[in-house]
1. Are there any pairs with C-beta distances below 9 angstrom linking a residue in segment 286-311 that is closer than 30 Å to VAL224 by Cβ to a residue that is part of a loop (DSSP other than H, G, I, E, B) and of a type in the set (A, V, I, L, M, F, W, C), with the two at least 6 apart or on different chains, and if so which?
2. Scan segment 200-254 residue by residue and report those that are among the aromatic types (Phe, Trp, Tyr) and under 26 Å from the mean Cα position of the chain (by Cα).
3. Among (1) open to solvent by less than 20 Å² (accessible area, probe 1.4 Å); (2) in contact with a Gly (Cβ under 9 Å, 6 or more places away or on another chain); (3) modelled with pLDDT of 85 or more; (4) not hydrophobic (A, V, I, L, M, F, W, C), there is one condition SER32 misses while meeting the rest; what is its number?
4. Which count do you get for residues in segment 36-68 that are among the small types (Gly, Ala, Ser) and open to solvent by 10 Å² or more (accessible area, probe 1.4 Å)?
5. VAL43 - would you say it is under 18 Å from the mean Cα position of the chain (by Cα) and β-branched (Val, Ile, Thr)?
6. Name the pairs: first residue in segment 68-90 and over 20 Å from ALA191 (Cα atoms), second residue of a type in the set (Lys, Arg), Cβ to Cβ under 6 Å, at least 6 apart or on different chains?
Amino acid sequence: MTMKKIGWLLLMTGLFSVVFLMAIFPEAALHSAIRGLAIWWDVLFPSLFPFFVISEVLLGFGVVHLIGTLLDPLMKPLFRIPGSGGFVAAMGYVSGYPIGAKLTAKLWDQKMVTRDEGERLVAFTTSSDPIFLIGAVSIGFFHNPRIGLILALAHYGGGFIVGLLMRFHGRKNSSSSSPSNELIKGSRIKAALHNMHKAREADGRDLGSLLMNAVQSSLQLIIVVGGLVVFFSVFLELWTRAGAIPVLSQVVNSLLSLVGVPEQLSTALVGGLFEVTLGARYAGEAGDTIPLAYKAAVAAFILSWGGLSVHAQIASILNETPLRYIPFMIARITHGVIALVAVLVLWKPIMGETTPTLSLPDVSYLSQNGYSHIMLVFCTMLGILIILALFIEAFMLLRRKFRKFPR
């Protein structure tokens, strides 16, 4: 039996089990569905949908070609991907999963990456966004803003290392024929602006059509994301009621005891296997007798693994392209292990021997960690890029009209 058939068999078994358990525990299914819908509406929709639309508009304006030409000398030697991957990395790391996969699929549609390059790109640009990592996890779940520093170093540093490791993935002679490689005479900035204008001309849509299409495609994707979050929320709750999750926790307990990790963290690992938010919350709320370093290390692993809910979102996006899911899954496991080890290694130099947890009031974490300033700078840069694209398009149109006038 092939791996594909085994995967389909497991999927159908899981779906039938959910249908059966919904008939037994209808009230639990309803409450868990409402809880998953609340997570989507309160957190995911407002944080992801604007980035979906903005990324679509920037792609239509040719900004990816501009950034790709400028970053090509840096991205290719390090990660063996074209410079347009720098735009995907920036958007992916700021806005979180599944932005990296969505933009990678768009680059594939525009023939700016090969299959191997796309698989490398989506492997290391899929990460948690800083808002969730710093605000929700470190302050909301751990009640300790200092945890955010070491989680960020382990998570984003681990992603960078995964990118370096993934450069060995695929054939050595595979490279894209993206416009970022077509330099014209003059400086690289001039070449970048030229490629941006060519991409805008090739797209051909006016601003109204571009914005409408961006909203439509972004709505479709955000609805898919919400559906998967609700499904896994119901799935996890029903399997917990049926006793399957406690059995799985006992198995994880046995494995943790072999490596000297407190068994109480098994709940967090099992929850994080399915859904990253639940796993991170369980890690932060584990018993006070568990060393904080272990709890932070488990949280770093869960954030880097992403949970099957995120994996399902990525798989649904990659399904529209020839990009394979297996390299992504291997990269997520590798990222999780690297982040876990990084927290344990860096804990004493950064956090010291012990770090007391703080009881924080329920106030906005944006004002505490300065992330609002980071987002202000990032959004300002995006605005400048859009204005630049509009200015170049207007300049080119005026130039054509003046050329048509008789002298």
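The values are calculated or read from the model by the stated rules, or taken from the named source; none is laboratory data. What you are looking at is a predicted structure, and each value in this text was computed from that prediction instead of being measured. As a convention, Cβ positions derive from the backbone with ideal geometry for all residues, glycine included, and neighbour counts pool all protein chains shown. For accessibility, only protein heavy atoms count, side chains too; no ligands or nucleic acids. Shrake-Rupley method; radii C 1.70, N 1.55, O 1.52, S 1.80 Å.
1. From segment 286-311, the pairs are VAL298/VAL261; VAL298/ALA286; ALA299/PHE142.
2. If the condition is that a residue be among the aromatic types (Phe, Trp, Tyr) and under 26 Å from the mean Cα position of the chain (by Cα), then PHE231, PHE232, PHE235 are the ones that fit.
3. Tallying (1) open to solvent by less than 20 Å² (accessible area, probe 1.4 Å); (2) in contact with a Gly (Cβ under 9 Å, 6 or more places away or on another chain); (3) modelled with pLDDT of 85 or more; (4) not hydrophobic (A, V, I, L, M, F, W, C), SER32 fails exactly one: (2).
4. Qualifying residue count, segment 36-68: 2.
5. Numbers: under 18 Å from the mean Cα position of the chain (by Cα): yes; β-branched (Val, Ile, Thr): yes.
So VAL43 fits the description; yes.
6. Matching pairs, first to second residue: PHE79/ARG167; ARG80/ARG167.
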